[in-house]
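Novice: The structure's right below; bear with me while I get my questions together.
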Amino acid sequence: MSNPLKSILLWVAPLAFLVAFYFYPLGSILHLSFARSDTGTLTPFLEAITSSRVQRVLGFTIWQAILSTFLTLLVGLPGAYLLARYDFRGKSLLRALTGIPFVLPTLVVAAGFNALLGPRDWVNVVLMSLFDLTEPPIHFINTLTAILVAHIFYNTTIVLRLVADFWSHLNPRLGQAAQVLGAGSWKVLRHVTLPLLMPAITAAALLVFIFDFTSFGVILVLGGPRFATLEVEIYYQTISLFNLPLAAVLSVLQLGCTLALTVVYTRLASRLSRPLPLRSQRYTQKRLLTWRSRLLATVTVGFLLALLTTPLIALAARSFINLGPARTRGDTGLITLPQGFTLTFYRELAFHSRESIFYAPPTTAISISLGYAAVTIILALALGTPAAWALARDSQSPLNRALDPFLMLPLGTSAVTLGLGFIVALAHPPLDLRASPLLVPIAHTLVAFPFVVRSLTPALRSIQPRLRQAAAVLGATPRQVLRYVDLPLVGRALFVAATFAFTISIGEFGATALISRPEYPTVPVAIYRFLSRPGALNYGQALALSTILMGVTLVGMLVIERFRLADVGEF
Amino acid sequence: MKPKISLLLILLALLLAACRPSTGLEPRVLTVMTHDSFAASEEVIQTFKTEYNVEVQFLEAGDTGTSLNKAILSKKNPLADVFYGVDNSFLSRALDEDIFEPYDSPLLADIPENFQLDPQNRALPVDYGDVCLNYEIAYFENNNLPPPISLEDLLMPDYKDLLVVENPAISSPGLAFLLTTIGHFGEDGYLDFWKGLVENNVLVVNDWETAYYTEFSQWGGTRPLVVSYGSSPPFEVIFAEEPIEEPPTAAVTGDDTCFRQIEFVGILKGTPNRDLAEKWVDFMLSTTFQEDIPLNMYVFPVNTHAKLNETFLKYLAIPEKPVTLDPAAIAANREAWIQAWTEMVLR
């Protein structure tokens, strides 16, 4: 039925890209690292695996990732249900707002949580005055709770987007039929809805898990020195100790875990997904008419906003408030009193006060960020769509089964390792890109690519072949089938994929900091420059620029929502 | 259709990247690789460009350790002509990996001997800065408590719960403070001192940003003592929100309480632009560049003829006897020291 040659053709571009910009650099750095070992390749492996330190790190990495993923699903699924099944005002805004955390660099998120929960900030000050305490009761940073909360904060949007999109096209008739046959709503959920949703839920869980598993900034900044994931340990071994053989072993270990998990996932996914009678949202979504649905919506939206936006609001608020120096120091300890409204930090941002060579006004940094994001969207969609298409055409073909798990690997790869890989590998023409600004969107595309594939494949798989066949029988050319059958069906998924590519590119900091050129700073890089210097003006400008980043992201996501392809011809 | 488009895009991208102008009458290009804290005034760099009709391209490559690793890993096919930013805690790594060519700059004559740590002049000193304890002045005034003047003071019950430090495994000032304690108490005594700090409830965070902006009482926190830089107090004046007269913080600069970090520049082995690279090194050591350093990079010039900005002179306290350790000893023991520290402080 399906032509294997066509599958191979579809794979050409994505594979060429991955080989050139992922496997080749990664292979080069691993090869070079092991070559530096005095004792051969095997010994560092044995040493690492028998070391109690490495075992502890690996154990913690897996454990916190499982816990974080579970909690993220728990928080995200009710929201996904609401977004999928109900039509209400402000839905686009809610979707965009819940997506902002995903974009923010860790240092900014830490600043946001601290603006809320810091020893002298809103929550603690209120609690201290309410209960007459002398010490701030909540200490947020350097705790496991901080790690878990931050992971939920970052990744809930993945669940909301992937699951809600799929769910919104699920035919509610199936559930209704079960109800008519006497099943309670719990039973319907367990035996009808959840099994049908499994492809989307597992895809989301996999992405969330890999993100948590390779977590770096959150662990470092919010978790503090007592916690280390593999990624943190790789950074320490590479940068602080320059123990490249051990770092390489840890990288391989991390990749191995990602690969094993992805293999399990792909086996599972091909069994779970089936062609479904998809329905237009207009058909599947209800309005919030009953009091029960309204209550559900209020509670869910309230909870999501409280969790995902209060740190953002606290951060934005601080960028408009004087940071010092007027402070009162009562007998009970330290209390910061908000000093009133100021635009100083924004004024300072716009005013080129010190003629520094790498100074980029915020407008320039925003343009640079948007430019990189645009290239990333184009590249990631151009490469991800054929790959997803090939996967969806025939998930049982040996080629697809073999290739599928490898697509996720870039997500599970240490940024430090890959960044150094670029330096080692891309050193010769025509690939001498080491100093090229293009390296930034290429690195962003590597991260965005798996998201594009994961967002598109479930949608493409669920297209019933009969629809295409029917169109063909009725005389449609392959192009027409693409335009009038496939595109409307996957349009929304394309838009989800584009949003992911946009947000990944706008917010990426770790890899960007390693490879960006100083005269082309992205917004996160510019924020970091301010944050790493002492003085109220520097800190204030970092907060102000973070607030601008949130604004740009919000606008960007709302604009993408407007251009939703699906509305062109949703059936 | 789709694969064709993407192939085209990639080819286009590669083409664009490959088509860099290489010959002709354009000025020559000198590439300078640095860490991400590098900054300089536009006009200062311009004087160099004009004088030698040269285009200067800067490559920032992450923090000090990361950028050095990149320079080492690309030594067979160097990314740049000059590397600036290796400090004395990483100097041995750079010298052992043999990435620099020696250069006896005439300007070394203006630089005190004690900054010149490499006798072969492969790495030439450019600037220095001290990692020192900082304190919030108001806290100590309001509590009628004298600020500490020595490391031993930190063990007194009066200073319980007051100090926040950075993790030496991750943070550069954190490592510098650990090295201060090793330099002062010796390899046999530093762990006992840290044991005392733990009993006095020292707080450890991973990075300077968290220590300074979240935990330090001058900003978001409750701890009036923080490991930061000797230059931080003047910057609190220069970057104050509203103009202020006196810095709200001060540095502890008693003997043996600060660690001196010295940053070096070197000509990368195999550069095809050796003549320009030498000119650049001379330029970095000249007063033109040296006097521009403090306000851009928050560290101080090593050239004795360079004049400091007035605000600096007014608020800056430079320690007379900071701790220094032999870079080779740091390189040899870094892992063991950090490991022992971790066992003592974090477990």
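Novice: Whether any residue in region A:354-362 is modelled with pLDDT of 80 or more and assigned to a helix (DSSP H, G or I) is what I want to check.
Specialist: Checked region A:354-362: at least one residue is modelled with pLDDT of 80 or more and assigned to a helix (DSSP H, G or I).
Novice: Could you give me the residue pairs with C-beta distances under 6 Å whose first residue belongs to region A:258-270 and is within 16 Å of A:LEU391 (Cβ to Cβ), whose second residue is at pLDDT below 80 wherever it lies, and which are 6+ apart or on separate chains?
Specialist: Within 6 Å, the pairs are A:SER270/A:SER395.
Novice: Let me ask you something else. Within region B:200-220, restricting attention to residues that are crowded, with 24+ Cβ neighbours inside 10 Å and more than 8 Å from every other protein chain (Cβ to nearest Cβ), which residue is farthest from B:SER171 (Cα to Cα)?
Specialist: By that ranking, first place goes to B:PHE216.
Novice: Do you know which residues across region B:52-107 are more than 13 Å from chain A (Cβ to nearest Cβ) and without any contact (Cβ under 8 Å) to a residue 24 or more places away in the chain?
Specialist: Within region B:52-107, B:PRO102, B:ASP104 meet the criteria.
Novice: Out of all the residues in region A:484-502, which are surrounded by fewer than 24 Cβ atoms within 10 Å (Cβ to Cβ), without any contact (Cβ under 8 Å) to a residue 60 or more places away in the chain and within 14 Å of another protein chain (Cβ to nearest Cβ)?
Specialist: A:ASP486
Novice: Is at least one residue of region A:487-510 over 30 Å from A:PHE21 (Cα atoms) and among the aliphatic types (A, V, I, L, M)?
Specialist: There is at least one residue in region A:487-510 that is over 30 Å from A:PHE21 (Cα atoms) and among the aliphatic types (A, V, I, L, M).
Novice: Out of (1) in a loop (DSSP other than H, G, I, E, B); (2) of a type outside the set (Asp, Glu); (3) surrounded by fewer than 18 Cβ atoms within 10 Å (Cβ to Cβ), the odd one out for B:LEU313 is which?
Specialist: Going through the list (1) in a loop (DSSP other than H, G, I, E, B); (2) of a type outside the set (Asp, Glu); (3) surrounded by fewer than 18 Cβ atoms within 10 Å (Cβ to Cβ), B:LEU313 breaks only (1).
Novice: Might you let me know whether region B:161-184 holds any residue that is farther than 22 Å from B:ASP326 by Cα and away from every other protein chain (no Cβ under 14 Å)?
Specialist: Yes, region B:161-184 contains a residue that is farther than 22 Å from B:ASP326 by Cα and away from every other protein chain (no Cβ under 14 Å).
Novice: Additional query: Take A:ARG36 and tell me if it is basic (Lys, Arg) and farther than 24 Å from B:ASN69 by Cα.
Specialist: It is false that A:ARG36 is basic (Lys, Arg) and farther than 24 Å from B:ASN69 by Cα.
Novice: Taking only region A:194-248 into account, find how many residues are away from chain B (no Cβ under 14 Å), among the β-branched types (Val, Ile, Thr) and in a helix (DSSP H, G or I).
Specialist: So the answer is 4.
Novice: Checking A:LEU162 against (1) in a helix (DSSP H, G or I); (2) on the phi > 0 side of the Ramachandran plot, only one condition comes out false. Which one?
Specialist: Single failed check for A:LEU162: (2).
Novice: Here's a check for you: in region A:503-527, which residue that is more than 8 Å from chain B (Cβ to nearest Cβ) and among the hydroxyl-bearing types (Ser, Thr, Tyr) is surrounded by the fewest Cβ atoms within 10 Å (Cβ to Cβ)?
Specialist: A:TYR520
Novice: Which number in (1) assigned to a loop (DSSP other than H, G, I, E, B); (2) in contact with a strand residue (DSSP E or B) (Cβ under 9 Å, 6 or more places away or on another chain); (3) touching a residue at least 40 places away in the same chain (Cβ under 8 Å) marks the one condition that B:PRO294 misses?
Specialist: (1)
So that you can scan it fast, the table gives a plain yes or no per residue for (1) surrounded by fewer than 18 Cβ atoms within 10 Å (Cβ to Cβ); (2) farther than 30 Å from A:VAL299 by Cα; (3) touching a strand residue (DSSP E or B) at 6+ places or on another chain (Cβ under 7 Å):
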{"residue": "A:PRO14", "(1), (2), (3)": "no, yes, no"}
{"residue": "A:PHE17", "(1), (2), (3)": "no, yes, no"}
{"residue": "A:THR39", "(1), (2), (3)": "yes, yes, no"}
{"residue": "A:PHE45", "(1), (2), (3)": "no, yes, no"}
{"residue": "A:VAL54", "(1), (2), (3)": "no, yes, no"}
{"residue": "A:LEU83", "(1), (2), (3)": "no, no, no"}
{"residue": "A:GLY90", "(1), (2), (3)": "yes, no, no"}
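Novice: Which of the residues that make up region A:421-466 are of a type in the set (Lys, Arg) and within 12 Å of chain B (Cβ to nearest Cβ)?
Specialist: Hit for region A:421-466 is A:ARG434, nothing else.
Novice: Within region A:11-31, is even one residue more than 23 Å from A:PHE153 (Cα to Cα) and more than 29 Å from the chain's Cα centre (by Cα)?
Specialist: Yes, there is a match, as at least one residue in region A:11-31 is more than 23 Å from A:PHE153 (Cα to Cα) and more than 29 Å from the chain's Cα centre (by Cα).
Novice: If you check every pair at least six apart or on different chains, which have Cβ atoms under 8 Å apart with a residue in region A:171-188 that is free of Cβ contacts under 8 Å to residues at least 12 places away in the same chain and outside any loop (DSSP other than H, G, I, E, B) first and a residue that is of a type in the set (Ser, Thr, Tyr) and loosely packed, with under 12 Cβ neighbours inside 10 Å second?
Specialist: Short answer, once both residue conditions are applied: A:GLN179/A:SER185.
Novice: Here's something else I'd like to know. Is region B:221-238 home to any residue that is of a type in the set (Phe, Trp, Tyr), within 11 Å of chain A (Cβ to nearest Cβ) and not in a helix (DSSP H, G or I)?
Specialist: yes
Yes/no per residue for (1) out of contact with any strand residue (DSSP E or B) (no Cβ under 6 Å at 6 or more places or on another chain); (2) modelled with pLDDT of 85 or more; (3) in a helix (DSSP H, G or I); (4) of a type in the set (A, V, I, L, M, F, W, C):
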{"residue": "A:LEU482", "(1), (2), (3), (4)": "yes, no, yes, yes"}
{"residue": "A:ASP486", "(1), (2), (3), (4)": "yes, no, yes, no"}
{"residue": "A:LEU489", "(1), (2), (3), (4)": "yes, no, yes, yes"}
{"residue": "A:ILE527", "(1), (2), (3), (4)": "yes, yes, yes, yes"}
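Novice: Further question on the same structure: Give just the number: which of (1) within 12 Å of another protein chain (Cβ to nearest Cβ); (2) farther than 19 Å from A:SER505 by Cα; (3) of a type outside the set (Val, Ile, Thr) does A:ASN400 not satisfy?
Specialist: Against the list (1) within 12 Å of another protein chain (Cβ to nearest Cβ); (2) farther than 19 Å from A:SER505 by Cα; (3) of a type outside the set (Val, Ile, Thr), A:ASN400 comes up short only on (1).
Novice: Can you go through A:THR41, A:THR72, A:THR61, A:THR50 and tell me which one is out of contact with any helix residue (DSSP H, G or I) (no Cβ under 8 Å at 6 or more places or on another chain) and not aromatic (Phe, Trp, Tyr)?
Specialist: Within the list A:THR41, A:THR72, A:THR61, A:THR50, the selection yields A:THR50.
Okay, residues lined up against (1) more than 19 Å from A:ALA306 (Cα to Cα); (2) of a type in the set (Lys, Arg):
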position: A:TYR81; (1), (2): no, no
position: A:ARG85; (1), (2): yes, yes
position: A:VAL109; (1), (2): no, no
position: A:PHE131; (1), (2): yes, no
position: A:ALA150; (1), (2): no, no
position: A:ASN171; (1), (2): yes, no
position: A:GLY175; (1), (2): yes, no
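Novice: Here are some residues: B:LEU268, B:LEU285. Which one is buried (at least 20 other Cβ atoms within 10 Å of the Cβ) and either of a type in the set (Gly, Ala, Ser) or in contact with a helix residue (DSSP H, G or I) (Cβ under 6 Å, 6 or more places away or on another chain) (or both)?
Specialist: Checking each option against the conditions leaves just B:LEU285.
Novice: Here's another thing I want to ask about it. Suppose the filter is more than 25 Å from A:TYR22 (Cα to Cα), within 14 Å of chain B (Cβ to nearest Cβ) and free of Cβ contacts under 8 Å to residues at least 24 places away in the same chain; does A:VAL481 pass it?
Specialist: It is true that A:VAL481 is more than 25 Å from A:TYR22 (Cα to Cα), within 14 Å of chain B (Cβ to nearest Cβ) and free of Cβ contacts under 8 Å to residues at least 24 places away in the same chain.
Novice: What's the number of the condition A:VAL54 fails, among (1) free of Cβ contacts under 8 Å to residues at least 24 places away in the same chain; (2) in a helix (DSSP H, G or I)?
Specialist: Result: A:VAL54 fails condition (1) only.
Novice: Residues in region B:243-273 that are without any contact (Cβ under 8 Å) to a residue 40 or more places away in the chain and either part of a strand (DSSP E or B) or within 8 Å of another protein chain (Cβ to nearest Cβ) (or both): how many?
Specialist: The number of residues fulfilling the criteria is 1.
Novice: While we're here: Do we find a residue being buried (at least 24 other Cβ atoms within 10 Å of the Cβ), under 28 Å from A:ARG347 (Cα atoms) and of a type in the set (Val, Ile, Thr) anywhere in region A:547-555?
Specialist: The answer is yes; a qualifying residue exists.
The values are calculated or read from the model by the stated rules, or taken from the named source; none is laboratory data. Predicted, not measured: the structure shown is a model, and the values here were computed from it. Heads up, the Cβs are rebuilt from the backbone with ideal geometry, glycines too, and the neighbour counts pull from every protein chain shown.
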